[in-house]
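Student: Right, I'll just put the structure down here and ask away after.
The values are calculated or read from the model by the stated rules, or taken from the named source; none is laboratory data. Nothing here was measured: the structure is a model prediction, and the numbers come from that model. Don't worry about glycine lacking a Cβ; one is built from the backbone with ideal geometry, like all the others, and counts go over all protein chains shown. Note: areas computed on protein heavy atoms with side chains; ligands, DNA, RNA excluded. Shrake-Rupley method; radii C 1.70, N 1.55, O 1.52, S 1.80 Å.
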Amino acid sequence: MHLNFDSFNISMKSLHIISLHAIRLLKPRFLGVVLTALFCVIHANVFSQSSFVTNNRQTIETEQLLDLIKRIPTKGIAFGHQDATAYGVNWKDEDRLISFLSVKSDVKKVTGSYPSVIGFDLGHLELDKKENLDTVSFILIKDHVQRMYRKGAIITMSWHPNNPASDGSSWDTSHAVTHILEGGKYHSTYIQWIDKLSVFFKSLKDTHNKAIPVIFRPYHEMNGGWFWWGAASCTPEEYRKLWKLTCKLLQKNGVNNLLFAFSPNTLANPQEFDLYYPGDEFVDIIGVDIYNHNGDSTFMVDLNNNLAILKKKAAEIDKPFVLSETGNISRSNKKDWWTQSLYPAIKNSGIAWVLVWRNANYKHFFASYEGDSAKNDFKNFVQSDDILLLDQLKKI
Ligand code: BMA
């Protein structure tokens, strides 16, 4: 639970007044109880001020977004798509002649509605590039964040930064985390990288010049060995330190419009989650990335087991949980993947959203599109009462 200093101080003031009245009205023998309660609350306040979350890092809009996300599972599961409006199979937004018209989306074309959750990636922002690693310009990302937020969508941002030690990509597993942490030779480079991200996050303003709240999901799939922040390239302790450092640097730079999402890849057990989890005050949403690399029956079992693990954790720490990435990577399998594999495994799971990965081209796509042979099955999937596209999310 995130406390805001301002509102907390107001309640401290009212508590003080109530206590004075109580002391005056109540018989002396109740005085001890009142004073003890007052002492506990003041003590809790002093304690909470020393922690990260309470230092006013979130705007009201960000708190409201978290509230919305917590309420979604009572109505259904929001549907998300990475890069939904930036491009799709056979089109790119930047190629449009009349760019101020409403943005396109493969999901909208097929279903009539935008996805509820729109993902973007910040990889290469740290390098001062104009475009991210998937050739989407940061100016376009900012524009689409503003447009889609105005329409009521939830914005989530992943980050595939290059390897700061080797200049290779995110998939270059040369050891880097140890060099980024305090005292490391790339520590100052990393501070500059976070400065650049901070400028970008702070530039995301709505039409009233208020910061747009976004979900930041850095350093995902850390329990796999394919990224430089992953299990093959740093220790869990180094990983947790990297996460905390990132949060603290963003906070130091005055970035207060973020919700942090922590999402490992398919978990073998709950302990694997705990190993990398940086702590309640550094995380707002928990998730997991699961694809059907090992066939659909394993996929469904993995979904069931992993979403149950997250559900239990989420209840313990009072945070929402999501299926942060998924998709059908094997096109040769059945044409009813949406309704027969994905849907049965996620319905009643308690997740706030499911996000499918990007529609890069006809060989690498995860949401449906006009020419997709599984289009009808996808339509049936989104027509389920509990799958919420943007038109339905707006009613919550
Ligand atoms: C991967 C693939 C890559 C892409 C990366 C970041 O899963 O889609 O082509 O560069 O995500 O979006």
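Student: Per residue Cα convex hull volume for the chain, in cubic angstrom?
Tutor: In the chain, the Cα hull volume divided by residue count equals 159 Å³.
Student: Relative to the longest principal axis of the C-alpha atoms of the chain, give the angle of the C-alpha long axis of helix 138-150, reported between 0 and 90° and rounded to the nearest 10°.
Tutor: Tilt of helix 138-150: around 70 degrees.
Student: I want to verify the translational diffusion coefficient of region 257-319 in µm²/s; compute it with Stokes-Einstein, Rh as the Kirkwood radius over Cα pairs, at 37 °C and 0.692 mPa s.
Tutor: 267 µm²/s
Student: Can you put Arg150, Arg71 in order of accessible area, largest first, using a 1.4 Å probe?
Tutor: Ranked list, largest accessible area first: Arg150, Arg71.
Student: With a 1.4 Å probe and all protein chains left in place, how much accessible area per residue does the chain have, in Å²?
Tutor: 45 Å²
Student: How do 336-342, 76-82, 157-163, 190-196 rank on mean C-beta neighbours within 10 Å, highest first? Present the calculation step by step, with values, prior to reporting the outcome.
Tutor: Details: 336-342: 20.0, 76-82: 25.4, 157-163: 21.9, 190-196: 17.1.
My ranking of the peptides, most packed first, is 76-82, 157-163, 336-342, 190-196.
Student: Could I ask something else about it? Among the lysines, which fall within straight-line cross-link reach of Lys312, defined as a Cα-Cα distance under 27 Å, with same-chain neighbours fewer than 8 residues apart omitted?
Tutor: Partners within reach: Lys70, Lys75, Lys241, Lys244, Lys347.
Student: Additional query: Hey, for a label at Asp391 modelled as a point 7 Å past Cα toward Cβ, could you say which residues of region 93-117 have their backbone N under 19 Å away?
Tutor: Residues 102-117 fall inside that zone.
Student: Between Asp372, Asp95, Asp121, where does the largest GNM mean-square fluctuation fall for the chain, given springs only between Cα atoms within less than 10 Å?
Tutor: So, out of Asp372, Asp95, Asp121, the one fluctuating most is Asp95.
Student: Using θ = phi - 60° and the Karplus relation 6.51 cos²θ - 1.76 cosθ + 1.60, list the HN-Hα couplings for region 101-111 in order, rounded to whole Hz, with x at every Gly or Pro.
Tutor: Here the 3J(HN,Hα) series is 5, 3, 6, 8, 6, 4, 5, 5, 4, 7, 10 Hz.
Student: What residues of region 71-111 lie in the reach of a label at Lys313, counting those whose backbone N is under 20 Å from a point 7 Å from the Cα along Cα→Cβ?
Tutor: Residues 71-73, 78 fall inside that zone.
Student: While we're here: On a 1.4 Å probe surface of the protein chains, which of Asp274, Asp128 comes out largest in accessible area, and what is the full order?
Tutor: Numbers: Asp274 80, Asp128 110 Å².
Listed by decreasing accessible area, they come as Asp128, Asp274.
Student: OK, next. Specify whether the C-alpha gyration tensor of region 169-306 places it in the rounded, prolate or oblate class, a ≥ b ≥ c being the square roots of the eigenvalues: rounded for a/c under 1.5, otherwise prolate if a/b is larger than b/c and oblate if not.
Tutor: It is oblate, given that a/c is not under 1.5 and a/b is not larger than b/c.
Student: Treating cross-link reach as a plain straight distance, find the aspartates and glutamates whose alpha-carbon is under 19 Å from the alpha-carbon of Lys335, omitting any fewer than eight places away in the same chain.
Tutor: Here the aspartates and glutamates satisfying the reach criterion relative to Lys335 are Asp106, Asp296, Glu370, Asp372, Asp377.
Student: Something else: Could you work out what % of the accessible surface of the chain is carbon and sulfur, using a 1.4 angstrom probe and leaving DNA, RNA and ligands out of the count?
Tutor: Carbon-and-sulfur percentage of accessible area, whole number: 55.
Student: First check a/c for region 52-144, with a ≥ b ≥ c the square roots of the eigenvalues of its C-alpha gyration tensor; if it is under 1.5, answer rounded, and if not, answer prolate when a/b is larger than b/c or oblate otherwise.
Tutor: It is oblate, given that a/c is not under 1.5 and a/b is not larger than b/c.
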